[in-house]
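Down below is the structure, laid out as structure tokens.
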Amino acid sequence: MEILFGNKHEKLTEGKYFIASANPLYYGIIVNPSSELWGYMVENHSIKSDINGDLQDYTIPYRIDVGENSIFFIKPGEWD
């Protein structure tokens, strides 16, 4: 999975993201607050993500802070 934010991108390895729900589809993304991605996700309500060559918009409806990390839950959004 690759996250595109602003003019940057971050490639996430297995273990940094997971399918939280198949129906409806939600991904969980584990992010450390010291990363630029964390700051972007806190300030914005959507991101673009490339999953297996499929670039889509995702909304960020939930965040859970767990120990030293946060888990952001993203779901497919609609193109404006």
Could you tell me which residue out of 39, 22, 66 lies farthest along the dipole of the chain toward its positive end? Charges go on the beta carbon: Lys and Arg +1, Asp and Glu -1, centred on the Cα centre. 66
Using unit Cβ charges (K, R positive; D, E negative) and no other charged atoms, how large, in debye to the nearest 20, is the dipole of the chain about its Cα centre? 120 debye
With θ set to phi - 60°, apply the Karplus curve 6.51 cos²θ - 1.76 cosθ + 1.60 along the stretch 62-67 and write out the HN-Hα couplings as whole Hz, x wherever there is a Gly or Pro. 9, 9, 10, 8, 10, x
Need one number: nm distance between label points at residue 59 and residue 35, each 7 Å from Cα along Cα→Cβ, rounded to one decimal. 2.4 nm
Would you calculate a helix-derived [θ] at 222 nm for the chain, using -39,500 (n - 2.57) for each DSSP H run of n ≥ 4 and dividing by the full residue count, to the nearest 500? -2500 deg cm²/dmol
Give the relative contact order (percent, whole number) for the chain; include only Cα pairs under 8 Å separated by 6+ residues. 29 percent
For the chain, modelled as a GNM with alpha-carbon contacts under 10 angstrom, which of 47, 30, 64 fluctuates the most? 64
Rg followed by Dmax, in Å, when the stretch 1-68 is reduced to its Cα trace: 11.5, 32
Given H placed 1.01 Å from N in the peptide plane, which residues other than close sequence neighbours of residue 35 have an amide H under 5 Å from its amide H? none
With the 1.4 Å probe rolled over protein heavy atoms, the chain has an accessible area per residue in Å² of 66 Å²
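Pick out, in residue order, every one of the GluC sites (Glu not before Pro) in the chain that is DSSP loop and has at most 13 other C-beta atoms within 10 Å; say none if there are none.
Of the GluC sites (Glu not before Pro), the ones in loops of the chain whose Cβ has at most 13 other Cβ atoms within 10 Å are 14, 68, 78.
The values are calculated or read from the model by the stated rules, or taken from the named source; none is laboratory data. Please read all numbers here as calculations on a predicted model, not as lab measurements. Here the Cβ is made from the backbone with ideal geometry for all residues, glycine too, and neighbour counts use every protein chain on show. Side chains included, ligands, DNA and RNA excluded: accessible areas come from the protein's heavy atoms. Shrake-Rupley method; radii C 1.70, N 1.55, O 1.52, S 1.80 Å.
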